[in-house]
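Inspection log for the structure reproduced underneath, given as structure tokens.
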Amino acid sequence: MKKIQLGQTDLWVSRLILGAMGFGSKSWREWVLEDDESFAILKRAVDCGINTFDTCDFYSSGESERILGTFIKQNLDRNDVVIATKFGMPLAEDKTVRRYSWEHVRRAVEGSLKRLQIDHIDLYQTHIWDRDADIEEMMAALDEVVREGKVRHIGITDMPAWQLAKAQHAAERSGQTAFASVQNHYNLIFRDDERELLPLLRDQSLGWIPYSPMGRGFLCGTRRREGWGTTPRALSDDFAQNLYFRESDFAVAEAVGAMASERGCIPAQVGLMWVLQQPGLTAPVIGATDPSHIDTAVAAIGQTLSDDQAGRLETLYEPRRLPQLRHG
């Protein structure tokens, strides 16, 4: 599989990045896969040329990191893979620590290194953002772990564009490590970051690794107007239930299904093709709960939608309303 440079870093990542949210413990989410099932998916990904893996200390309270680290240690040369993880939500033993504080960064990075069984993290990213974070304190802490060699590069996930710009300015002003990449929620039915975040990352030549390119399964044809859907994840995914399921979202999903029939493929591949064609993209983060899902995603690489086909899907999108400002 082709490798592509992540922004202006020295990291070369596979055209698809395997997300590890689905690896861990069923006590965290019913649809999550435990060790043996996770290893089967990881093996298939490696066999297909995927060298980049994205996880988070929050997934299954660290079990995702443990599983990924165990697989890599047992099967791969550390120098052949790119390991990305995230921090931001305090774990059970860390509840008293302020999010994104110096102490939280220090505790989180040490915990991830231990669970992943590695001596450095290639890409260390903020996770669920806290708008009240002390940005200068956070950037100083992240710069510290980079200088110590525990982290090579830092990135953000779903941070408002204005706060990303503020963080970059704080790092530049202090001669500290700046963010090198952006991970955000992006697909045919969620394109809100086209307003601010994507223009910023393209202007600054940041790496871009969006997650949920298939809309958390919504673009796969398994979601329903009543009853949420037909899969365990669809029935329990409150994030998607609160964000999707607008009538316009179903219109896009139905158009994706029709185009898949027209092209002789499956809907998930059409959704992935569209994301892969977006300007400035490095590589999307994909999830899998079966080895066949890896094959489906890999088959979409190299296929393209015509301008007419892309336009037919894009015109159905309905932007979400901006949050109402509070006065007084």
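The values are calculated or read from the model by the stated rules, or taken from the named source; none is laboratory data. It should be emphasised that the depicted structure is a prediction, and the values quoted were computed from it without experimental measurement. Reconstructed Cβ throughout: ideal geometry from the backbone, glycine too, with neighbour counts over all protein chains shown.
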Checklist entry - Given the conditions (1) in a loop (DSSP other than H, G, I, E, B); (2) modelled with pLDDT under 95; (3) charged (D, E, K, R); (4) more than 24 Å from Thr296 (Cβ to Cβ), and given that Glu30 satisfies all but one, which numbered condition is not satisfied? => result (4)
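Only one of Arg147, Arg107, Arg131, Arg152 is modelled with pLDDT under 95 and either in contact with a Cys (Cβ under 8 Å, 6 or more places away or on another chain) or within 30 Å of Asn79 (Cβ to Cβ) (or both). Can you tell me which?
On the way: Arg147 fails: modelled with pLDDT under 95; Arg131 fails: either in contact with a Cys (Cβ under 8 Å, 6 or more places away or on another chain) or within 30 Å of Asn79 (Cβ to Cβ) (or both); Arg152 fails: modelled with pLDDT under 95.
Sole residue among the options that is modelled with pLDDT under 95 and either in contact with a Cys (Cβ under 8 Å, 6 or more places away or on another chain) or within 30 Å of Asn79 (Cβ to Cβ) (or both): Arg107.
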Checklist entry - Do you know which residues across segment 15-28 are surrounded by 17 or more Cβ atoms within 10 Å (Cβ to Cβ) and either among the aromatic types (Phe, Trp, Tyr) or over 14 Å from the mean Cα position of the chain (by Cα) (or both)? => result Phe23, Gly24, Ser25
Next on the checklist: I'd like to check something: does segment 203-219 contain any residue that is among the charged types (D, E, K, R), under 21 Å from the mean Cα position of the chain (by Cα) and outside any helix (DSSP H, G or I)?
Outcome noted: no
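Out of the residues in segment 134-158 meeting the condition of being closer than 16 Å to Phe58 by Cβ and not β-branched (Val, Ile, Thr), tell me which one is surrounded by the most Cβ atoms within 10 Å (Cβ to Cβ).
In the first step, residues of segment 134-158 are kept if they are closer than 16 Å to Phe58 by Cβ; the result is 155-158.
Narrowing further to those that are not β-branched (Val, Ile, Thr): 155, 158.
Values: Gly155: 24, Asp158: 17.
Checking each candidate, the answer is Gly155.
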Next on the checklist: Being surrounded by 22 or more Cβ atoms within 10 Å (Cβ to Cβ) and touching a Pro at 6+ places or on another chain (Cβ under 9 Å) is the filter here; which residues of segment 166-187 pass it?
Outcome noted: Val182, Gln183, Tyr186, Asn187
Item to check | Of all residues making up segment 139-159, the number that are in contact (Cβ under 8 Å) with a residue 12 or more places away in the chain, assigned to a loop (DSSP other than H, G, I, E, B) and over 16 Å from the mean Cα position of the chain (by Cα) | outcome: 2
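For segment 278-290, does any single residue satisfy the condition of being closer than 21 Å to Arg44 by Cα, touching a residue at least 60 places away in the same chain (Cβ under 8 Å) and surrounded by fewer than 16 Cβ atoms within 10 Å (Cβ to Cβ)? Can you show your working first?
The initial filter retains those residues of segment 278-290 that are closer than 21 Å to Arg44 by Cα, namely 283-290.
Now drop any that are not touching a residue at least 60 places away in the same chain (Cβ under 8 Å), which leaves 283-290.
Retained after the next criterion (residues that are surrounded by fewer than 16 Cβ atoms within 10 Å (Cβ to Cβ)): 290.
Yes, segment 278-290 contains at least one residue that is closer than 21 Å to Arg44 by Cα, touching a residue at least 60 places away in the same chain (Cβ under 8 Å) and surrounded by fewer than 16 Cβ atoms within 10 Å (Cβ to Cβ).
If the requirement is being under 15 Å from the mean Cα position of the chain (by Cα) and surrounded by fewer than 23 Cβ atoms within 10 Å (Cβ to Cβ), which of these qualifies: Trp162, Trp129? Steps first, answer last, please.
Numbers: Trp162 fails: under 15 Å from the mean Cα position of the chain (by Cα).
Selected residue: Trp129, the only one of Trp162, Trp129 that is under 15 Å from the mean Cα position of the chain (by Cα) and surrounded by fewer than 23 Cβ atoms within 10 Å (Cβ to Cβ).
Residue by residue through segment 92-102, note down the ones that are part of a helix (DSSP H, G or I) and either of a type in the set (Val, Ile, Thr) or at pLDDT below 95 (or both). Spell out how you get there, then give the answer.
Looking only at segment 92-102, we keep the residues that are part of a helix (DSSP H, G or I), and these are 92-94, 102.
Scanning segment 92-102 gives Ala92, Glu93, Asp94.
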Checklist entry - Which condition does Glu65 not pass, out of (1) touching a Pro at 6+ places or on another chain (Cβ under 9 Å); (2) part of a helix (DSSP H, G or I), if it passes all the others? => result (1)
Item to check | Within segment 220-233, considering residues that are under 16 Å from Arg246 (Cα atoms) and part of a loop (DSSP other than H, G, I, E, B), the one modelled with the highest pLDDT | outcome: Gly221
Checklist entry - Got at least one residue in segment 113-128 being out of contact with any His (no Cβ under 6 Å at 6 or more places or on another chain), modelled with pLDDT under 95 and assigned to a loop (DSSP other than H, G, I, E, B)? => result yes
